[in-house]
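The values are calculated or read from the model by the stated rules, or taken from the named source; none is laboratory data. Worth saying up front: this structure is predicted, and the values here are computed from it rather than measured. Positions of Cβ are generated from backbone atoms using ideal geometry, with glycine treated the same way; all protein chains shown enter the neighbour counts.
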Amino acid sequence: MSIFESITTEQWAWLLASAFLIGMAKAGVKGLGMFVVPAMAAAFGGKVSVGLVLPLLSMADVFAVSYYRRDAEWKYIWRLLPAAMVGVLLGIWVGEVVDDAFFTDMIAFIIIASLALLILQQNTRFSDMMASYSWVGALFGAVGGFTTMIGNAAGPVMAVYLLSTRIPKNSFIGTTAWFFLVINLFKFPFHIWVWETITWQSFLLNLTGLPAIALGIFIGIRVVKLIPEQAFRYFVIVMTAIVSLRLLLG
């Protein structure tokens, strides 16, 4: 039986809704994509859902990068990437020895800790300290790589660090878009050959979500244009808090 024959109506609904929310999130409406993590895990199972969500994220990354390609701050990307790749490798090992329930709890606690830092970095002195030291970027890169591998949940972690740099709204979106495009493509081979959570059939299923992703990107770009710079920062903080609690309470 093919994956298309076995999938239920409810699973189809969650898949398409998740694709739409991922599109909006990648366009800059931060936080919406994190609702996808627990929703897809509930619909498809923990580890299977991670493999289904990754191609959706990667397709949305391509859309986001094509629109915000000139807004990225590459100095922050290079500061984060090497440690993030190490974090991904650590996540692969953990994924072999930890069960799905522990996955979710671990991600939630990491995000809650990130949220505390997100609030703390509103203090200018603390924020300047975070942005000044390269080791802070490496630490957040490693934690982001780890959380993105085990649950595609690194958005809040990256938000904490990048908001501390106080870069403009479009630069924030462009930097996260490029960072996640690179790191998500880095994860692909491990999902295919190590965890075996991405197959040809699951990828074909992902392609059915492409129109929903495009619609989410289209609407998300227009929503972001309506949000002022300071309001955007508070919006990211509030959405991060909501999705963190949603994961923790699961």
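Here are the numbers for this structure:
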read-out	value
Unique match (being at pLDDT 90 or above, among the aliphatic types (A, V, I, L, M) and more than 24 Å from A25 (Cα to Cα)) among L90, L80	L90
Answer from G95, G28, G46 - the residue that is closer than 16 Å to F172 by Cα, small (G, A, S) and touching a residue at least 40 places away in the same chain (Cβ under 8 Å)	G28
Residue check for W200: of a type in the set (F, W, Y), without any contact (Cβ under 8 Å) to a residue 40 or more places away in the chain, under 20 Å from I92 (Cα atoms) and out of contact with any helix residue (DSSP H, G or I) (no Cβ under 8 Å at 6 or more places or on another chain)	no
Flag if F180 is part of a helix (DSSP H, G or I), in contact (Cβ under 8 Å) with a residue 60 or more places away in the chain and surrounded by fewer than 20 Cβ atoms within 10 Å (Cβ to Cβ)	no
Unique match (being closer than 21 Å to P189 by Cα, touching a Leu at 6+ places or on another chain (Cβ under 9 Å) and part of a helix (DSSP H, G or I)) among V50, V37	V37
Qualifying residue in the range 158-173 (condition: of a type in the set (S, T, N, Q), in a helix (DSSP H, G or I), in contact (Cβ under 8 Å) with a residue 24 or more places away in the chain and closer than 30 Å to E96 by Cα)	no
Selection count, the range 22-42, where residues are farther than 16 Å from I227 by Cβ and aliphatic (A, V, I, L, M)	8
Residue tally, condition assigned to a helix (DSSP H, G or I) and surrounded by 15 or more Cβ atoms within 10 Å (Cβ to Cβ), over the range 189-202	4
